[in-house]
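> Please see the structure below; I have some questions.
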Amino acid sequence: MAGAGRYQRGVSAVIPAYNEAATVGKVIETLKQVASIAEIIVVSDGSEDATANVARRHGARVIELEINGGKGAAMTVGARAAREDILLFLDADLEGLTAAHVEALVAPLLTDSADMTVGIFSRGRSLTDLAQVVAPHLSGQRAIRKELFLAVGAEKSRFEVEVLLTSEARARRWRVQKIPLANMTHIMKEEKRGLYRGVIARMGMYKDILGYILRLTRKKIKTRPVAILFLLLFLVAALNYDILTMRAAAAAARNIPVLDLPDGGNRILVISPHPDDETLGAGGLIAEARDRGDAIKVVIMTNGDGFRRGVEKFNGPLPAGSRSWRVSAPA
């Protein structure tokens, strides 16, 4: 796992985690594949589940905080404990993280062509992709020089730590590179905690971020009302996106005629434009046909803009660098 002299400097990966036992192990295993990662530190920020034990079992160095102090405090604890000059911060709930993503984030720091990199999700989940296009300063996937991070005083920040880092980068004229992270996303709060608790946690996060932005711009508040209004509108739209989408889909589904098939002996081919769409569009038909003993196959066809990780999870790894593929498999 260590750089073994391949690089002049190594990287300390720091993962702040709160109740992420289900996902932190996969993030650690991916980091272990990258030669420049000299150590992996998981800071369990007052977790009430098995986050710390899972992280240890996967080989990470674990720091347990008794009280949940927020993301900024956990990141600072990890940074102070790090032995290397370059820090890589990753969220503990990432999906689709690969060694190539990690290498892309740290390479500009290793070659001294950047002071900080910021990872931007793309071709993953539409809502998180949109959020990072509109507000890339909210991304938690970053590599940064250790002395720069410790100089900003992030220990008192909670969810707004990324906004703080972006603000400091502009003020101090750091060299910053944005790194696309294709086919990658993270688990949303509503999925991890349930709708009610997830929404409450999300609103708390937005409150912290907005509060920081307002404090940051209080002397210029009259000159920036459009930006603040846009941020508020975006947060409201993001919160209601899934609900509106589900309602629209349910309304459209009521107008679809029922497909009646003769009993037995049917041969059915389901053609899906993207991974998982066969289940969304024909899941009931597939289940019913299998119960009757019908022959059924699913063909997933995409021009490369689909969710690559979904295909790989079902069919195994695709050739490196492939951007277009056709998969045929039994349902």
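The values are calculated or read from the model by the stated rules, or taken from the named source; none is laboratory data. This structure is a prediction, so every number in the text was calculated from the model and none was measured. Neighbour counts are summed over all protein chains in view; Cβ atoms, including those assigned to glycine, are modelled from backbone coordinates with ideal geometry.
> Taking segment 41-88, which residues are in a strand (DSSP E or B) and under 16 Å from G140 (Cβ atoms)?
Of all residues in segment 41-88, those in a strand (DSSP E or B) come to 41-45, 61-65, 86-88.
Scanning segment 41-88 gives I41, V42, V43, D45, L87, L88.
> Oh, and also: Could you please find all residues in segment 98-118 being over 21 Å from T166 (Cα atoms) and either part of a strand (DSSP E or B) or touching a Ser or Thr at 6+ places or on another chain (Cβ under 9 Å) (or both)?
T98, A99, E103
> Another question, then. For segment 134-154, indicate whether the set of residues that are part of a loop (DSSP other than H, G, I, E, B), at pLDDT 90 or above and either in contact with a Gly (Cβ under 8 Å, 6 or more places away or on another chain) or surrounded by fewer than 18 Cβ atoms within 10 Å (Cβ to Cβ) (or both) is non-empty.
Scanning segment 134-154, I find at least one residue that is part of a loop (DSSP other than H, G, I, E, B), at pLDDT 90 or above and either in contact with a Gly (Cβ under 8 Å, 6 or more places away or on another chain) or surrounded by fewer than 18 Cβ atoms within 10 Å (Cβ to Cβ) (or both), so the answer is yes.
> Can you give me the number of residues within segment 248-258 that are at pLDDT 70 or above and surrounded by 10 or more Cβ atoms within 10 Å (Cβ to Cβ)?
0
> While we're on this one: Just to be sure before I move on: is R326 at pLDDT below 65 and either in a helix (DSSP H, G or I) or exposed (fewer than 11 other Cβ atoms within 10 Å of the Cβ) (or both) in the structure I sent?
Yes: the conditions hold for R326.
> Looking at segment 87-104, which of the residues that are crowded, with 23+ Cβ neighbours inside 10 Å and either of a type in the set (A, V, I, L, M, F, W, C) or more than 26 Å from N183 (Cα to Cα) (or both) is nearest to the chain's Cα centre (by Cα)?
Ranking the qualifying residues of segment 87-104, first place goes to L94.
> Let me ask something additional. Restricted to segment 61-84, and to residues that are of a type in the set (A, V, I, L, M) and touching a Lys or Arg at 6+ places or on another chain (Cβ under 9 Å), which residue is surrounded by the fewest Cβ atoms within 10 Å (Cβ to Cβ)? Let's see the steps before the verdict.
Filtering segment 61-84 for residues of a type in the set (A, V, I, L, M) gives 62-63, 65, 67, 73-75, 77, 79, 81-82.
Then drop every residue that is not touching a Lys or Arg at 6+ places or on another chain (Cβ under 9 Å), which leaves 62, 73, 79, 81-82.
Working: V62: 20, A73: 22, A79: 21, A81: 14, A82: 23.
The qualifying residue surrounded by the fewest Cβ atoms within 10 Å (Cβ to Cβ) is A81.
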